[in-house]
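Before anything else, here's the structure in question.
None of the figures in this text is laboratory data; all of them are computed from the coordinates on show. Because the structure is predicted, anything quoted here is derived from the model rather than measured. No Cβ is skipped: glycine too gets one built from the backbone with ideal geometry, and neighbour counts run over all protein chains shown.
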Amino acid sequence: MAYVAIADRDAPIHDPHTFIEKYIWSQDHKVIAIQYSIVAIFVGLVALVLSGLMRLQLGFPDSFHFVDPNQYYQFITMHGMIMVIYLLTALFLGGFGNFLIPLMCGSRDMVFPYMNMLSFWVYLLAVIVLLASFFVQGGPTGAGWTLYPPQAVLPGTPGAGLGIILMLVSLGIFIVAFTMGGLNYVTTVLQARCRGMTLMRMPLSVWGIFVATILGLLAFPALFVSAIMMTLDGTLGTSFFMPALSSMGQAPEHDGGSPLLFQHLFWFFGHPEVYIVALPAFGIVSDLLATHARKNIFGYRMMVWAILAIGGLSFVVWAHHMYVSGMNPYFGFFFATTTLIIAVPTAIKVYNWVLTLWKGDIHLTVPMLFAIGFIFTFVHGGLTGLFLGNVTVDLPLSDTYFVVGHFHMVMGVSPVLVVFGAIYHWYPKLTGRMWDDRLGRIHFWLTFLGTYAIYLPMHYLGILGVPRRYYALGETEFLPQSVHTVNAAITIAALVVAASVVIFLYNMIVSLWRGEKSPPNPWKATTLEWQTPDTPAKHGNWGPRLPEVHRWAYDYSVPGAPDDFIPQNVPVDSRYATGTGHHG
Amino acid sequence: MSNTAIVVALLVGIAVWFAVASRLTAKPWENREQKGDVGVLHMSPQRIGLWVFMAVVTSLFALFLTAYSMRMHHSIGWCHLTIPNILWVNTAILLAASVALQLAANAVSGGRRDATRTALVAAGTLSIGFLAGQVLAWRAVGPSLYFVQGSPAIAFFYVLTIVHGLHLLGGLAVLGRASLRFAGGAELVDLRQSLSLCATYWHFLLLVWLAVFGVLLFL
Ligand code: HEM
Ligand SMILES: [Cu+2]
């Protein structure tokens, strides 16, 4: 049997005894998930503070002096990179991937627990190196999160000395950490599922995380390659990316390098990266919607195929980020076409989410609110993406606030809403406690309405031609006064949203002690993680016997069944048999 | 870039094929009782892990080689590398190492302790010999930073050989551990898997090297 290796071990698995084994050098996937999440949320807060400072500058350019122009560049760069890589990628895969894969697949742990542990510590090292760049001479890099050469390593850019090198080294370390984790996630899904858990019975969360991990494993090498070559350009004086140019009166030190090559490599990673963040969000949102609407997910098979199709297509659209870099018009046409083709499976997913809600028994719990909020923001971000995917529309809009509005909607706000929803959803299993529901609702509405107030007006700014990555607009003839008013309003909204994060954190931390004790399956969900014998699940997850799966993950409101849900481990012929955790 | 896109598309294709082979067309909602462990791969986790890792490394080198070819075509005055003859010798040594490791793996499955020892020693020595040969190749290509700065071809040569060499070193660490266990008198059956995985990995690194060498020669 394939899964004997880890699944059916008779001997009790080695339990950690000391505090250090349990919480520090832990090899338990649940502890590693928490470690990953805490670090990711911590750096995410740093990035949030940076965005607040930037917004104060943009909204009230004459009243605040927190940032000077150099720092503004450094802040956008660190904000963007942290949000995309060190928060969202790490949280979805290192955090949710670690927590959910073994629990949802019915495994005792990841197949390579030791490597899993290393993955976290190496990730932590990457974060430390990244944050160290705030304290070195010249500060962190201000090259923009895209790190385009030649400016990234030229003296005119802040942080062009140590800052950019630390950034590149940190990314390299992150990729090593991700690869170690990724090997685990893929192998565990392929090999360590419990009896009866066929691929097509896996919850969509696992599908999303699984395919996103494959994308990451294949796409991160592109970033790795460019990081190595740029580090060499910056330190040893090679000319992979650096053309001959004289900067600040100096004789050229490089010769013949190709900045365009960097852009290709960067976006060959960068576009799949969008889906590395989006696919887990897609998967998780599907499960939240089905569970809280008490309905099976509409078109499960189509959802799986769509995830796979999006994953494959995401490797052939990268150059839509390079329309303004100049390219053969046929290439432009090709990439515009592939970009629009991706919209098809994506739209299918949106329809299916909406159809899942259709005539559902919708429970507007806090996780459900966030999941529905996601549908709105994602549709908005997706629609503006259709505009930007066309070469002729993109040319005037590129590098304006329209782009900032678009990508924040689609890959900033949308995944973050899912992160919040997911944390509210799985927190009871993780900690055994419930949240304060009222604070959760306040948090939702502030976040949801607040982010609209931030990003919707940005599209308007972009159409007026407000450029992106500008420290201050000054007295600009072609911009009407309304631009300044809008900017001030956006800043106020951003501060409100940032404040709502404090409510979230307060709720999360205080509920650890004050929260009501959670039943094992508070949402009456079908998936395996809710059927563990203990809540929170203990080391080894399943007690003496592994679960056996008899049905798919979406048996909600089955006609004739006594409850409106049948857990995956309930046998088919005895629908009413009580699975562990099945009650009511 | 499009070559890399093709390679990666291929890898994604393989992943999709896996999924299809394990019945993407199933209708899970029909709740048919499934017998046994349908869809679970009948391979050890270590073997799957190795294959996934090799896919990652394939992507890495495909991208390096794409970068090499694009850098060549984007620039005027690209100066080709003069391939030092020692690279042919190194290639032969790596081939021999790969064969020796396969023999070691076979000997272990056949339960032949002495043959295993000989083959292991040969494989280890040849692999280290290959790395030493690569160092000699650097000296032949351009022995100092001056050359590396001056010629992107030489810089690429260094980067490619170092990255490839590091992967081989990683393999040697694993092989070294298995050899220590062997020397410590471990049961041969317990070494089967790790030697067989090492052999696979060595063949893979040989292929990667052939690809790198081929690109350096012919592009
Ligand atoms: C309340 C939350 C947030 C606020 C107020 C905010 C604000 C900003 C601001 C002011 C900029 C600089 C725009 C410019 O001058 O061009 C920016 C850039 C950026 N943000 Fe955010 N942001 C938020 C959340 C996020 C999230 C969750 C992500 C995750 C994907 C994200 C990703 C980025 C990226 C990639 C950039 C571009 C950086 C660059 O131009 O190099 N942001 N954000
Ligand atoms: Cu893109």
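For the residue pair B:Ser144 and A:Val350, what label-to-label distance in nm results when each label sits 7 Å from Cα along the Cα-to-beta-carbon direction?
A separation of 6.2 nm, rounded to one decimal place.
If amide H atoms are built 1.01 Å from N in the plane of the peptide, which residues on other chains or at least 5 residues away come under 5 Å of the amide H of B:Gly142?
Placed amide hydrogens put nothing under 5 Å from B:Gly142.
If you don't mind, there's one more thing I want to ask. Compactness ratio of region A:87-229: Cα Rg over 2.2 N^0.38 Å, N = residue count?
On the way: Rg = 17.7 Å, N = 143, 2.2 N^0.38 = 14.5 Å.
Compactness ratio reported: 1.22.
While we're here: Taking the Cα centre of each part, how many Å lie between region A:309-333 and region A:182-201?
One Cα centre to the other: 33 Å.
Kirkwood hydrodynamic radius, the protein assembly as shown, all distinct C-alpha pairs: what's the number in Å?
Values: mean 1/r = 0.0358 Å⁻¹.
Kirkwood hydrodynamic radius for the protein assembly as shown: 27.9 Å.
Also: In a shell of Cβ-Cβ distance under 14 Å around B:Phe182, excluding B:Phe182 itself, what net charge do Lys and Arg (+1) and Asp and Glu (-1) give? Can you show the working numbers first?
On the way: positive: B:Arg112, B:Arg113, B:Arg117, B:Arg177, B:Arg181, B:Arg192; negative: B:Asp114, B:Glu187, B:Asp190.
For residues surrounding B:Phe182, the net value is +3.
Here's something else I'd like to know. How many percent of Cα pairs in region B:3-218 exceed 25 Å? Present the calculation step by step, with values, prior to reporting the outcome.
Values: 11951 of 23220 pairs.
Considering region B:3-218, 51 percent of its Cα-Cα pairs are separated by more than 25 Å.
Continuing with this model, one more query. Return P(r) of region A:187-295 (all Cα-Cα pairs; 10 Å bins starting at 0; whole %; ordered from short to long distances).
Pairs per bin, as whole percents: 13, 28, 22, 16, 12, 7, 2.
Using each residue's phi in region A:166-182, evaluate 6.51 cos²θ - 1.76 cosθ + 1.60 at θ = phi - 60° and report the 3J(HN,Hα) Karplus result to the nearest Hz, with x for Gly and Pro.
For region A:166-182, the Karplus curve yields 4, 4, 5, 5, 4, 4, x, 5, 4, 5, 4, 4, 4, 5, 5, x, x Hz.
Which of the peptides B:72-78, A:301-307, A:241-247, B:196-202 is most tightly packed, and how do the rest follow, going by the mean number of other Cβ atoms within 10 Å of each residue? The partial results should precede the final answer.
On the way: B:72-78: 12.0, A:301-307: 20.0, A:241-247: 17.4, B:196-202: 22.3.
Top of the packing list down: B:196-202, A:301-307, A:241-247, B:72-78.
Just to confirm the filter: which chymotrypsin sites (Phe, Trp or Tyr not before Pro) across region A:56-158 are DSSP coil and have at most 10 other Cβ within 10 angstrom of their Cβ? Let's see the in-between values first.
Numbers: sites: A:Phe64, A:Phe66, A:Tyr72, A:Tyr73, A:Phe75, A:Tyr86, A:Phe92, A:Phe96, A:Phe99, A:Tyr114, A:Phe120, A:Trp121, A:Tyr123, A:Phe134, A:Phe135, A:Trp145; in loops: A:Phe64, A:Phe66, A:Phe134, A:Phe135, A:Trp145.
Hits after loop and neighbour filter: A:Phe135.
Picking from B:Phe64, B:Phe147, B:Phe156, which is most flexible by a Gaussian network model of chain B using Cα springs under 10 Å?
Ranking B:Phe64, B:Phe147, B:Phe156 by mean-square fluctuation puts B:Phe147 first.
With +1 assigned to the C-beta of every Lys and Arg and -1 to the C-beta of every Asp and Glu, and no other charges, what is the dipole magnitude of the protein assembly as shown about the Cα centre in debye, to the nearest 20? Before the final figure, lay out each step's value.
Working: 39 positive and 34 negative charges, 308 e Å.
Using Cβ point charges on Lys, Arg, Asp and Glu, the protein assembly as shown gives about 1480 debye.
For region A:184-225, max minus min Cα coordinate along each principal axis, in Å, sorted largest first?
41, 17, 10
Working out 0.36 nm times the residue gap between A:Ser246 and A:Ile492, then minus their Cα-Cα distance, what length gain in nm do you get to one decimal? Don't jump to the answer; show the numbers that get you there.
On the way: separation 246, 0.36 × 246 = 88.56 nm, distance 4.29 nm.
Between A:Ser246 and A:Ile492, full extension yields 84.3 nm more.
Under the rule of at least 5 residues apart or a separate chain, name every residue whose amide H is placed under 5 Å from the amide H of A:Met242.
It is A:Gly257, A:Ser258, by chain and number.
Let me confirm one metric for peptide A:547-554, namely the mean number of other chain beta-carbon atoms within 10 Å of its residues' beta-carbons.
Counting Cβ atoms of other protein chains within 10 Å of each residue's Cβ and averaging gives 3.
How long is the gain from A:Tyr114 to A:Met327 if the chain were fully straight, where each residue apart is worth 0.36 nm and the alpha carbon distance is subtracted? Walk me through the intermediate numbers first.
Values: separation 213, 0.36 × 213 = 76.68 nm, distance 4.64 nm.
Full-extension gain reported as 72.0 nm.
Now for a different question. Would you pull out the residues with amide H under 5 Å of A:Thr400's amide H, same chain only if 5 or more places away, H placed 1.01 Å from N?
A:Arg468
Tell me, what is the percent relative contact order of chain A, built from C-alpha pairs under 8 Å that lie six or more residues apart? All intermediate terms of the calculation are to be shown ahead of the outcome.
Working: 973 pairs, mean separation 89.3, N = 584.
Relative contact order, chain A: 15 percent.
Can you compute 3J(HN,Hα) from phi for each residue in region A:334-350, using the Karplus curve 6.51 cos²θ - 1.76 cosθ + 1.60 with θ = phi - 60°, rounded to whole Hz and x for Gly and Pro?
4, 6, 5, 5, 4, 4, 6, 5, 4, 4, 5, x, 5, 5, 4, 5, 4
Summing Lys, Arg as +1 and Asp, Glu as -1, what charge do residues with Cβ under 15 Å from the Cβ of A:Leu357 carry, A:Leu357 excluded?
Numbers: positive: A:Arg294, A:Lys295, A:Lys349, A:Lys359; negative: A:Asp287, A:Asp361.
Neighbour charge sum, excluding A:Leu357 itself: +2.
Among the lysines, which have Cα under 21 Å from the Cα of A:Lys22 when same-chain residues fewer than 8 positions away are ignored?
The reachable lysines, counting only those whose Cα sits under 21 Å from A:Lys22, are A:Lys30, A:Lys429, A:Lys538.
Toward the positive end of the charge dipole of the protein assembly as shown, about the Cα centre and with charges on Cβ (Lys, Arg +1; Asp, Glu -1), which of B:Thr116, B:Leu65, A:Leu479 goes farthest?
Looking along the dipole axis, the top candidate is B:Thr116.
For B:65-75, what's the mean count of beta carbons from other chains sitting within 10 Å of each residue's beta carbon? Intermediate values should be presented prior to the final figure.
Details: counts 1, 6, 12, 2, 0, 5, 8, 1, 2, 7, 7.
The shielding value for this peptide is 5.
Sticking with this one: If you take each beta carbon of peptide A:180-190 and count the beta carbons of other chains within 10 angstrom, what is the mean? Each step should come with its number before you reach the end.
Values: counts 1, 0, 3, 9, 3, 1, 8, 12, 3, 2, 13.
Per residue, the average neighbour count from other chains is 5.
Let me ask something else about it. Which distance in nm do the two modelled labels at A:Gln137 and B:Gln193 give, with both placed 7 Å along the Cα-to-Cβ direction?
Label at A:Gln137, label at B:Gln193, 5.2 nm between them.
Another one. Starting from the Cα-Cα distance between A:Ile38 and A:Asn390, subtract it from 0.36 nm times their residue separation and give me the gain in nm to one decimal.
On the way: separation 352, 0.36 × 352 = 126.72 nm, distance 3.94 nm.
Additional length available on full extension: 122.8 nm.
Using r as the Cβ-Cβ distance of A:Leu512 and B:Ile14, and R0 as 56 Å, what FRET efficiency do you calculate, to the nearest 0.05?
Details: r = 44 Å, r/R0 = 0.79.
Computed FRET efficiency for A:Leu512 and B:Ile14: 0.80.
Okay, moving on. Could you tell me the largest-minus-smallest coordinate of the C-alpha atoms of region A:279-434 on each of the three principal axes, in descending order and whole angstroms?
So the three principal-axis extents are 56, 31, 26 Å.
For the pair A:Arg545/B:Thr118, report the inter-label distance in nm, with labels modelled 7 Å from Cα in the Cβ direction.
Label-label distance for A:Arg545 and B:Thr118, simple model: 5.4 nm.
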